[in-house]
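S.K.: Below are the structure tokens for one structure; questions will follow.
Every read-out reported here was derived from the displayed coordinates using simple, explicitly stated rules and does not represent laboratory data. Not measured: the values here are computed from a predicted model. Cβ atoms come from the backbone with ideal geometry, glycine included; neighbour counts cover every protein chain shown.
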Amino acid sequence: MSVWTDFEREVVIDGENKMEEKENVSLDRRLFVGNIGYRTSEKELKDFFQKFGRVNRLHLPKDHYRKLPRGFAFVTFSTAEEAQMCLQAEDERLVLQGRLLRVHMAEQSKRVNTRRYENNNNNHDQQVLVSDSTEVTDLGTAKEMPVFNINIPDELWEKIFSFLPLRDRIRIERVCHRWKKLALRLWKRQKSLDFYNTFRRFESLTDKMLNSILKRCGPILKSLDLSSSPRLLTDYSMQIINKYCPSLEKLDLSGVDATNISIRDLTQDLHTLKWVRLQRCLYIGEKGLWWLLHNNKDLEYLDVTGNIKLTGQCFHMIGPKVKIMVLKECKKLCDVGIEKIKDRCVDLEELYITDCCLLTSKSILTITQSFSHLRILHCGGSLHDVTEETWTQLQHLKLLEELNLSQNCGLTDEAVVAIATGCYNLRVLDLSGCHRCLTDEGIQSLSLLGNLTKLNISYLYQITDVSLNHISTTGKLQQLIVRACSDITDTGVEDIVFNCPQIQLIDVSGCIQITNKLIQTVISLTHDNTHQLLLNVGGTCVVNEELPPLHTSLSVSLQDYSSYYLRPDKHLLLPDPEEDDDDDVKEDTPWYGQPQASGVMVAAGYEENIWEEEDCDDQFDDITDEFLDNDDCLAAERWEMS
């Protein structure tokens, strides 16, 4: 690249000045012409204006896409007199191809000519221009304004940039060289990256965007979360992560359309993963998980919720450091998978196997006999063929702190008593929906759990206030959920509030024997509480208009959180809310399913329907008697037989 001399610069600047003067002088000879046909060529237009004088220049702008004229042009004549002659011409002389041309004097362009000024790099890096140095007044004169310079250190700029969203952090790189340098320096200290609240409604992260961002911060990145915008990501994104993130430890690919091959490409050179979440990754099967477990022996957390292809055969490659496994809704997971986990993960602490419908009693026995360090166990959702004796074996999990057995109808009182006796460290327990065999005898045994803070016993229609009275003796309960328990009354809930001073949530939605008396008692019992108590009484007999004034420590919600279809006693207690609407439709609509029952007579408990066959024998006799003699003789018989 050649370097210009001072003389060459002067020649160029002088040439630009002359061009500007020439343009200003030619304004009195230049005309703007509008309403030109879109098929008119530049030659035809020039020949048309030659009758007014010599045309030095004609500019006909064209569309960039269609390459057709835009309907206007600029015509420059040799003299100003010729331009005035065209302006003063009659309309008949300005008709071209059936269009009357609009001719006006051309005006100076409103575009501002900007120049690049060479500033001192040192002053540019240390100063920020706050306002322009000149201001144009109403009279058109330039008024000198003071220039305010603010010295902001780089550390403060980086702190400000760290609060910006990802979009703005990329945009500031285009402002100046200094900001770009600071932004890139900030990217190099980025250890965690997610895309929550980054894209608008129909936008999403793409492979190209991911490549551009990871190129800036990938080498130092430790955590990457793609679950908030996985819609447009493809298999190529796995190669991008493998290329730019060699030290990645935490990865969330929930919802990404990854496959077995892409997981192999991801983990080919990436062996530092410790935390992986693959929720709703429907195309990843046994082979993909095999590659993941084979190449990452330091894995501690694995979440494959909703995987419809996982059977558990790949778990023989899992590392011994795994502490947490989330296998919820894995419909094909079988007992073999639990056996392989037992052989490899001796120190497993958390296991989630809710809605794994193919697991049997063998898996539960394996868990109770082998995972002695287990702290959290979720095995709700009606596991297949789990007997009463199997549930009692849960008492051997001495370190268990959280247990979820919801919707397991085979759970009995004996099993709950065994759990309450052996798992004395339980803090969270969920027995909701286990209504078939659970009674007060089993629930009363929960009073042995002195550390119990959260309890869910919803949809157990056989329990009464006696159970709540025994549970309240622990004194440490903080959350109690007792939805749709028809025999629970105000007395049982009052015992909970009185004996558990740390209670923060009581949900009795759908308990039809709860009344306004409970609200008044709770107000008096919690008047001096320092913490907030939320009481959910939706779907009960509590009347909103009769609620007394509440103090600041108590909040009452009338929202019904209970599910009508989970109630085991719905056919005895409450009508189906949707059936009420259907009954209204049946009453108002004559032909809803069957003809309108206007002829049904009810007397002394006997209902007679005119649509029965025995009542319709003689209804059309008057029609059959009017057959003519020349009609088909078998017509009456076919009519009666029909």
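S.K.: Mind scanning 287/340; 159/243; 321/342; 398/454 and naming the pairs with a C-alpha gap bigger than 23 Å?
M.R.: 159/243
S.K.: Treating only the Cβ of Lys, Arg, Asp and Glu as charged (+1, +1, -1, -1), what charge dipole size does region 188-247 show about its Cα centre? Round to the nearest 20 debye.
M.R.: 300
S.K.: Taking amide H positions as placed in the peptide plane 1.01 Å from N, state which residues far from residue 511 in sequence (5 or more) or on other chains have amide H under 5 Å from it.
M.R.: 484, 485
S.K.: If I stretch the segment between residue 347 and residue 107 completely, what's the gain in nm (0.36 nm per residue apart, minus their alpha carbon distance), one decimal?
M.R.: 78.1 nm
S.K.: Spelling out what I want: for every residue of region 359-370, take phi, set θ = phi - 60°, compute 6.51 cos²θ - 1.76 cosθ + 1.60 (Karplus), and round to whole Hz; glycine and proline get x.
M.R.: 6, 10, 4, 4, 5, 5, 5, 4, 5, 6, 8, 10
S.K.: Return the Rg/Rh ratio of region 166-207 with Cα-based radii and a Kirkwood Rh.
M.R.: 1.03
S.K.: While we're on this one: What residues from region 70-89 fall in the zone where the backbone N is under 14 Å from a label point 7 Å along the Cα-to-C-beta line of residue 54?
M.R.: Answer for region 70-89: 76-83.
S.K.: First measure r as the distance between the Cβ atoms of residue 372 and residue 151, then evaluate 1/(1 + (r/R0)^6) with R0 = 45 Å and state the FRET efficiency to the nearest 0.05.
M.R.: 0.10
S.K.: Ok, one more. Give a residue-ordered list of calculated ³J(HN,Hα) values for region 313-324 (Karplus: 6.51 cos²θ - 1.76 cosθ + 1.60, θ = phi - 60°; whole Hz; x for Gly, Pro).
M.R.: In residue order, the calculated couplings are 5, 7, 6, 6, 9, 6, x, x, 8, 5, 10, 10 Hz.
S.K.: Mark the label point 7 Å from the Cα of residue 466 along Cα→Cβ and return the residues of region 394-435 whose backbone N is within less than 20 Å of it.
M.R.: 412-421, 434-435
S.K.: Still on this model: Restricting everything to alpha-carbon atoms, can you work out Rg to Rh for region 422-574 with a Kirkwood hydrodynamic radius?
M.R.: So for region 422-574, dividing Rg by the Kirkwood Rh gives 0.95.
S.K.: Still on this model: Once phi is turned into θ = phi - 60°, what whole-Hz ³J(HN,Hα) does the Karplus curve with 6.51, -1.76 and 1.60 give for every residue of region 236-245, x standing for Gly and Pro?
M.R.: 5, 5, 5, 5, 5, 5, 5, 6, 9, 10
S.K.: Taking the DSSP beta bridges in region 422-574 as the whole, what percent of them are antiparallel, to the nearest 5?
M.R.: 0
S.K.: Whose amide H sits under 5 Å from the amide H of residue 554, counting only residues 5 or more places off or on another chain, with H placed in the peptide plane?
M.R.: 533
S.K.: Let's test the formula: R0 of 30 Å, r as the Cβ-Cβ distance of residue 424 and residue 331. What FRET efficiency results, to the nearest 0.05?
M.R.: Using R0 = 30 Å, I get an efficiency of 0.30.
S.K.: Here's a follow-up. As a test, work out the antiparallel percent of DSSP beta bridges whose residues both lie in region 20-105, rounded to the nearest 5.
M.R.: DSSP beta bridges in region 20-105 are roughly 100 percent antiparallel.
S.K.: Translational diffusion coefficient of region 20-105 at 25 °C, 0.890 mPa s, Stokes-Einstein with Kirkwood Rh over Cα pairs, in µm²/s as a whole number.
M.R.: 187
S.K.: Let me ask something additional. Please find the FRET efficiency linking residue 222 to residue 68, where r is the Cβ-Cβ separation and R0 is fixed at 56 Å, and quote it to the nearest 0.05.
M.R.: For residue 222 and residue 68, the calculated efficiency is 0.50.
S.K.: Amide H to amide H under 5 Å from residue 96: which residues, 5+ apart in sequence or cross-chain, H placed 1.01 Å off N in plane?
M.R.: HN-HN under 5 Å from residue 96: 101.
S.K.: Treating cross-link reach as a plain straight distance, find the lysines whose alpha-carbon is under 23 Å from the alpha-carbon of residue 62, omitting any fewer than eight places away in the same chain.
M.R.: Of all the lysines, those that pass the test against residue 62 - Cα under 23 Å, at least 8 places apart if same chain - are 43, 46, 110.
S.K.: Follow-up. More than 17 angstrom separation, counting every C-alpha pair in region 143-266; what % is that?
M.R.: So the pairs more than 17 Å apart make up 61 percent of the total in region 143-266.
S.K.: Taking the Cα-to-Cβ direction at residue 163 and at residue 505 and moving 7 Å from each Cα, how far apart do the two end points lie in nm?
M.R.: Result for the modelled spin labels: 3.3 nm.
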